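Reviewing the structure listed below.
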Amino acid sequence: MKKHSHFLIAGLVLSALVFAFIILGWFWTPFDPMKMNGAVRESAPSLEHLMGTDKFGRDILSRVMKGSGFTLFVALGTVLIGTVAGTVIGALTGYFGGWLDEALMRIGDALSAFPSFLMALVLVSVFGAGRNHLLLALGIVFIPSYARIVRTEFARARNQNYVKSAKLMGASTARILFIHILPNIWPVLLSAITIGFNNAVLAEAAMSYLGIGVSPDEASLGYMLSDSQSYLAVTPWYALGSGLVIILLILGVGLIGEGLKRRDL
Amino acid sequence: MKRTLSLFLASALLISLLAGCAAKPQTTTTAPGTDAPAAEVTPSTINAETGRRETNEIVVGISQDLDNSLDPHTVVAAGTKELMFNVFEGLVKPTSDGDLVPAVAESYTLSDDLTTYVFKLREGVKFHNGKTVTMEDAVYSLSRCRDEGYVPALAGVEIAGEGDELTITLPAPNNEFLAYLTCAIIPADYADQATAPVGTGPFKFASRHAQQDVVLERFDDYWGDKAYLDRVTYRIYENPEALVMALKGGAVDLYSHLSVSTISQLGAEFTILEGTMNLVQAVYLNHAYGPLSDVRVRQALCYAFDRQELFDLTAGGRGWPLGSSMYPAFKKYFREDLSTLYPHNVERAKALLAEAGYPNGFDLTIKVPSNYSPHVDAGQVAAEQFRAIGINVTVEPVEWTTWVEDVYKGRNFEATVCGFDASTMTARALLERFTTGNSKNFIGYSSAEYDAAFADAQNAKSDDVQTRAYLEMEGILAKDAANVYIQDLVDFVALRKGLTGYHFYPIYVMDMSTVRYE
């Protein structure tokens with residue numbers, strides 16, 4: 001156990017730093033992220049503007065701070081929807097089996113048969129654009145994968161002795177499911193959550209990159225990346241700021257996930 | 001591990017799927033009279049010393065494919081018309097100065113009551129398929145436009161041909177009628193216009209690869225000044241970054257509609273010409289939306305808007321300020337004074353808002369077509385400026401097709417940024433739209449004064465009276481703050497050094513016949 005904890009520690013430190021950066025952005029940014037300033041258009045990184053300015057003269061650092069908050073919000077929301085709904089569905093189907101299991105898992109198969117992107121695109125075009133709709137669409141797309149993982153674990157736990165004893169002692173089904181079994185599969189779920197979180201960050205960035213679901217004034221990391229594309233040759237720092245935060249965010253959480261997995265082995 | 005692997009596989013699958021969609025279909029259409037597909041002509045390479053191609057030809061970059069059908073009477077996309085201007089001509093054709101000169105017709109006379117035009121056909125004008133233009137072709141072309149409704153202005157017009165004289169009789173005088181006779185003269189007995197178009201212009205259609213390129217060749221039997229270049233290849237670059245690479249790498253010699261940020265990436269091997277896009281860019285306001293139905297609110301928006309800041313932020317300070325639905329290329333009709341009617345004044349704007357009963361502002365969503373970056377940028381800047389007077393603005397990018405269906409046709413919007421051009425060289429093409437009940441009046445503007453001025457313009461017996469009526473209409477639009485007028489966008493054309501002879505037109509066309517190597 002001790003041997004691999006440096007993954008965990010590195011991940012925790014990195015994530016703490018990135019999260020602190022993002023949370024700070026909710027309360028304070030060096031400049032108003034929306035404020036346009038014609039005098040400093042496309043200026044290179046300097047002491048005043050640490051990450052430079054964009055085509056409208058807006059401070060990129062401030063926009064990245066605000067934008068990563070948006071990205072984090074969507075990613076956490078997506079994982080929350082996916083985990084909660086996925087756990088409930090997975091627990092019921094895995095524990096009881098039968099026709100409910102068949103029906104829900106086939107629906108899950110159908111959902112995952114679509115590339116997740118296409119599915120999210122369809123949902124956004126049906127519900128309409130906007131932050132909350134984007135969150136909901138990505139959340140729904142993430143449900144099947146969580147449900148599948150949880151189901152497998154519950155199906156395995158169903159026949160184990162501690163569950164049988166709990167049943168004999170007359171524990172209610174809900175108690176067995178969520179008090180007895182859930183804590184035992186927690187490690188598996190946790191590593192699924194870390195992977196899912198990273199996928200959600202990337203999915204949000206990709207969706208915003210394609211210009212779906214975000215307004216251009218709400219800086220999101222993906223939107224900023226796509227916006228910076230045309231200026232890559234002239235103002236490369238424009239893309240670097242948002243790209244860097246995505247990388248660090250994913251690296252940090254990814255390391256945590258890896259550390260947790262190795263610890264449990 | 002397995003999960004990571006499957007994720008990787010899934011994304012690989014998705015990427016290959018997307019790549020499959022992007023693969024270009026190889027449909028080829030060829031010039032008339034040839035059985036085999038046109039020989040694959042690849043433009044010669046650029047000589048490093050002279051900086052020009054080995055052969056007398058150029059490659060022009062375009063940003064989108066043409067209409068599926070190239071039939072000149074049915075094409076809708078401005079980009080197709082822009083290109084096919086080189087292939088087709090009407091009885092008259094526009095010049096870069098904004099005049100109309102006889103083309104397939106040699107001359108014309110107008111009767112004293114202004115209702116009867118008599119055109120004399122030019123002798124010996126040849127179609128690209130080698131046949132001579134006859135009276136039958138001319139009558140067929142005009143009648144087709146009239147009967148099929150392709151040119152609404154021809155409705156009710158009588159067309160009769162005798163000898164070399166073509167007589168057109170109008171139901172009522174119409175000073176602008178000549179502008180509609182730019183509609184293409186095509187052969188009466190030719191069925192393949194859609195795939196292998198035949199006209200009388202200085203260039204003939206040679207071949208087309210869908211989503212890839214279109215090739216035009218010089219027409220040596222052209223009646224007028226012959227084109228200089230042997231061949232023009234139009235190559236499609238939907239991605240602006242790819243286009244810049246193509247220009248720098250020598251694959252493309254000429255491109256129009258460049259942005260300021262793009263020209264800064266081009267080196268000294270290009271001449272940059274500056275013209276105008278010939279569009280009326282504005283924040284178009286839906287008068288059916290509660291707060292915007294009040295003229296004071298609309299005026300407040302005009303006062304809140306700072307054009308110069310927009311120019312500074314998005315175009316290096318360049319742009320042609322507009323104050324009404326008319327752009328400067330229409331010299332005769334353009335009123336420069338209107339663009340200074342609402343100088344930037346935040347206090348004034350706030351006072352007007354308060355007077356109209358919105359001291360704390362209101363919610364406003366500006367929909368912008370996401371694929372047109374000048375409109376998206378203008379929308380963002382305008383939003384920021386409107387926020388300064390307390391309006392709660394949201395900018396919502398929508399896809400182009402959604403914009404057309406939902407915003408333009410469905411009128412489901414509060415405000416939108418877009419640009420309108422004139423389809424013919426008439427002031428009417430820009431101003432008729434805002435008359436009460438007009439099907440293209442998507443902002444729902446209605447003014448009795450405006451309608452009356454439009455009627456005056458249509459009934460005017462002389463050009464002077466008509467022009468005055470149009471100028472008055474522009475003034476009414478500005479006074480009522482029908483929209484927050486922005487600009488006619490600066491249009492940059494990049495030309496490889498050594499090329500010359502490019503002319504800007506007041507309408508959306510690109511004339512290749514005058515372009516040549518020095």
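The table that follows gives values for the structure above.
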{"item": "Sorted by Cβ density within 10 Å, fewest first, the residues A:66, A:164", "result": "A:164, A:66"}
{"item": "Ellipticity estimate at 222 nm from DSSP helix runs (n ≥ 4, -39,500 (n - 2.57)) divided over chain A, nearest 500", "result": "-24500 deg cm²/dmol"}
{"item": "Cα-centred dipole magnitude for the protein assembly as shown, charges only on beta-carbon of K, R (+1) and D, E (-1), debye, nearest 20", "result": "4820 debye"}
{"item": "Over 25 Å between alpha carbons, listed pairs A:66/B:409; B:81/B:479; B:81/B:440; B:120/B:440; B:204/B:440; B:331/B:461", "result": "A:66/B:409; B:81/B:479; B:120/B:440; B:204/B:440"}
{"item": "Alpha carbon convex hull of the range B:213-268, volume per residue in cubic angstrom", "result": "115 Å³"}
{"item": "Listed peptides B:107-120, B:80-93 by packing density, highest first (mean Cβ within 10 Å)", "result": "B:80-93, B:107-120"}
{"item": "Alpha-carbon Rg with Dmax, taken over the range B:92-180, Å", "result": "13.1, 39"}
{"item": "Net charge dipole size for the range B:223-352 [Lys, Arg +1 and Asp, Glu -1 on Cβ; Debye, nearest 20]", "result": "400 debye"}
{"item": "Cα gyration tensor shape for the range B:403-518, rounded if a/c is under 1.5, else prolate or oblate", "result": "oblate"}
{"item": "Reach of residue A:261 by Cα under 20 Å, taken over lysines that are not fewer than 8 positions away in the same chain", "result": "A:2, A:3, B:2"}
{"item": "Fewest-first sequence of B:46, B:58 by Cβ atoms within 10 Å of each Cβ", "result": "B:46, B:58"}
{"item": "Estimated distance in nm for a label pair at residue B:452 and residue B:194, the labels positioned 7 Å out from Cα along Cα-to-Cβ", "result": "4.9 nm"}
{"item": "Antiparallel DSSP beta bridges within the range B:280-488, as percent of all bridges there, nearest 5", "result": "55 percent"}
{"item": "Ordering of B:129-142, B:173-186 by packing [mean C-beta count within 10 Å, highest first]", "result": "B:173-186, B:129-142"}
{"item": "Residues B:305, A:178, sorted so that the one with the fewest Cβ neighbours within 10 Å comes first", "result": "A:178, B:305"}
{"item": "Protection proxy ranking, peptides B:449-458, A:27-36, average beta carbon neighbours within 10 Å, highest first", "result": "B:449-458, A:27-36"}
{"item": "Longest to shortest principal axis, alpha-carbon extents of the protein assembly as shown, angstrom", "result": "109, 71, 58"}
{"item": "Highest-MSF residue in chain A out of A:202, A:50, A:92 [GNM, Cα springs under 10 Å]", "result": "A:50"}
{"item": "Assigned charges on the beta-carbon of Lys, Arg, Asp, Glu; the range A:6-74 dipole about Cα centre (debye)", "result": "140 debye"}
{"item": "Eligible aspartates and glutamates near residue B:248 by straight Cα distance, threshold 18 Å, same-chain separation 8 or greater", "result": "B:49, B:54, B:57, B:238, B:269"}
{"item": "C-alpha long axis of helix A:116-127 to longest principal axis of chain A, angle in °", "result": "80 degrees"}
{"item": "Shielding by other protein chains, B:307-317, mean Cβ within 10 Å", "result": "3"}
{"item": "Pair residue B:107, residue B:211: separation of 7 Å Cα→Cβ label points (nm)", "result": "5.3 nm"}
{"item": "Residue among B:385, B:365, B:339 farthest towards the positive dipole end of the range B:333-414, charges placed on Cβ", "result": "B:339"}
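Coordinate-derived values only; no laboratory data. The structure displayed is predicted, hence computed values, not measured ones. Neighbour counts run over all protein chains shown; Cβ positions are idealised from the backbone, glycine included.
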